[in-house]
Amino acid sequence: MNPVVDYHALAPEIVLTTTIVVVLIADLLFPERARWQTSRIASIGVLGALIPVLTLASGVFTDNHFVPRSMFGGAYVVDEYALVLKGFFLIATYIVLLLSIDEIKEGDYYQGEFWYLLLSSVLGMLIMCSARDLISIFVALELISIPTFVLAGWKKHNSKSNEAAIKYYLIGVISSAVMLYGMSLIYGLSGTTMLRGIFAYLEHAPDLGLILVACFLTLVGFAFKISAVPFHFWAPDTYEGAPTPVTAFLSVASKAGGFVALLTIVFVGLYPQPDGWQPVLWFLAAASMTVGNLTALRQTNIVRMLAYSSIAQGGFILAPLAVAGSGSNNGRDSFQAVVIYILIYGAMNLGAFAVVIAVARRTRSGAISSYSGLGVTSPALAVIMTMFLFSLAGVPPLAGWFAKFVMFRSLLDAGGAWAVTLAIIAAVNSVIAFFYYGAVARRMWFDAPAEGATAPRIPAALNLSIGLCVVAVVVVGIYPQVFAHLGDVAARSITG
């Protein structure tokens, strides 16, 4: 039988693939000094891919009976969950493009290839949102990862960038091998790669021993992808060595891609056997929060601090997932909490990196000490950075408070000693995080600026990216129902 292809459902991927081809050809045709203009084509293509996402989702907010579109025997599904995350990835990518335009144009980098690789990685993210079998999940995850190996080493004449790319590549290959071995065991036991088929098998599985091993190996592979402790050691060096826009992309979009894969495989495939994934995720969440925050306290470089902050934030995102299905938490609350946290984390972390890029245009330094007196030389930028830092810390009325709220609510609804213990660990770590976020804010407002320091000149594209993130952080903080509804519609398509 010929496979049924729904071109409307595949339109975001088709538009983005067409954009990738056009960018590649345009880079060959444009003269050397005009190659940076391929960024305009990339930006238009990303916004164009967002249009079919909106048309597909036109009934999501008004019709509670949205009918998922399934293709290839159920291996590829376009439902509310997929549409919400596809919209997130495309908007986050557009912001990263805005961050990158002047950085790439002014730097000693190749240009056209940058946009080609970036969009290729985003294509993997769109595929990941709809993937519902082990093969498509693995292919999508590799399509996300492989272009980023090259992007991490984009500053080709910089030894730190080269080292970052090598570390990231080696760890990425190892994690893929471990994850693929775990997936092969799951396939060997269940006889299918379809997640729904694996779900049905695990409901009545006769041999739990090998299943637990398979789940463990699969989750360990994902732990590398999302830089969860103790598989995080590549992240700080990679984040510091890569160009800052690439670091922003890795810390938000690429990390979120790993979480989407983890959400899908746990809820759609492995959910009937919580003994295979709950203890592993509980440990990863607790360790990531604690190690990430404690190590961030000692950092003197803003990018490395945000790298360890990203590891800790990953622990907060994992926490609801670790208690899904426990107590009164039927799994839907946990799923909703993870999706909401990812959406809010994307806005505030991209905003923080946008300010880092803006400040570095003046100081040419990533040292936290270079932020001294920013409140004097550039008060508006200092206010904005303070907002992003306090949002990451979870201070009301900024968006981060709502992310923390839904996370704690899912933990407390689960009840039980393990869930309460994880909630206490999360609360303690939230306090610890405030110290290093607050330390940067203190430098900006209470330390004297360096002699001769002036306000940085911020290009229009960078200004726009900062403005978009500020609007998201403020609006969602004051009116969180916007993201709460997105989390709800995403959860209902997976958890019922």
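Values computed for the structure shown
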quantity	calculated
Sole residue being under 21 Å from residue 233 (Cβ atoms) and among the polar types (S, T, N, Q), chosen from 184, 161, 190	161
Residue check, residue 145 within 26 Å of residue 182 (Cα to Cα), in a helix (DSSP H, G or I) and in contact (Cβ under 8 Å) with a residue 60 or more places away in the chain	yes
Filter result (in a loop (DSSP other than H, G, I, E, B), of a type outside the set (Asp, Glu) and touching a residue at least 24 places away in the same chain (Cβ under 8 Å)) within segment 441-464	448, 449, 450, 453, 454, 455, 456, 457, 458, 459
Failed item in (1) over 24 Å from residue 290 (Cα atoms); (2) crowded, with 18+ Cβ neighbours inside 10 Å; (3) in contact with a Pro (Cβ under 8 Å, 6 or more places away or on another chain), with residue 473 passing the rest	(3)
Single unsatisfied condition, residue 388 versus (1) buried (at least 19 other Cβ atoms within 10 Å of the Cβ); (2) out of contact with any Cys (no Cβ under 9 Å at 6 or more places or on another chain); (3) in contact (Cβ under 8 Å) with a residue 60 or more places away in the chain	(2)
Search result, residues across segment 168-184 that are in contact with a helix residue (DSSP H, G or I) (Cβ under 6 Å, 6 or more places away or on another chain) and surrounded by fewer than 18 Cβ atoms within 10 Å (Cβ to Cβ)	181
Test: residue in segment 374-384 that is out of contact with any His (no Cβ under 8 Å at 6 or more places or on another chain), surrounded by 23 or more Cβ atoms within 10 Å (Cβ to Cβ) and in contact (Cβ under 8 Å) with a residue 40 or more places away in the chain	yes
Residue match in segment 391-398 (condition: surrounded by fewer than 19 Cβ atoms within 10 Å (Cβ to Cβ), at pLDDT below 95 and within 29 Å of residue 131 (Cα to Cα))	no
Selected residue (only one of 438, 467 is outside any loop (DSSP other than H, G, I, E, B), without any contact (Cβ under 8 Å) to a residue 40 or more places away in the chain and surrounded by fewer than 19 Cβ atoms within 10 Å (Cβ to Cβ))	467
Residues that are closer than 18 Å to residue 84 by Cα, surrounded by fewer than 19 Cβ atoms within 10 Å (Cβ to Cβ) and either in contact (Cβ under 8 Å) with a residue 40 or more places away in the chain or acidic (Asp, Glu) (or both), drawn from segment 476-492	484, 485, 488, 492
Test set (1) closer than 18 Å to residue 316 by Cα; (2) assigned to a loop (DSSP other than H, G, I, E, B) - residue 220 fails condition number	(2)
Filter result (part of a helix (DSSP H, G or I) and acidic (Asp, Glu)) within segment 163-211	163, 203
Filter result for the condition that a residue is among the hydroxyl-bearing types (Ser, Thr, Tyr), part of a helix (DSSP H, G or I) and in contact with a Pro (Cβ under 8 Å, 6 or more places away or on another chain), over 493, 430	493
Residue 450 within 25 Å of residue 298 (Cβ to Cβ) and under 23 Å from the mean Cα position of the chain (by Cα)	no
Selection from segment 287-313 of residues that are among the β-branched types (Val, Ile, Thr) and either under 23 Å from residue 424 (Cα atoms) or within 14 Å of the chain's Cα centre (by Cα) (or both)	290, 291, 295, 311
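The values are calculated or read from the model by the stated rules, or taken from the named source; none is laboratory data. Please read these numbers as outputs of a predicted model, since none were measured by experiment. Neighbour counts are summed over all protein chains in view; Cβ atoms, including those assigned to glycine, are modelled from backbone coordinates with ideal geometry.
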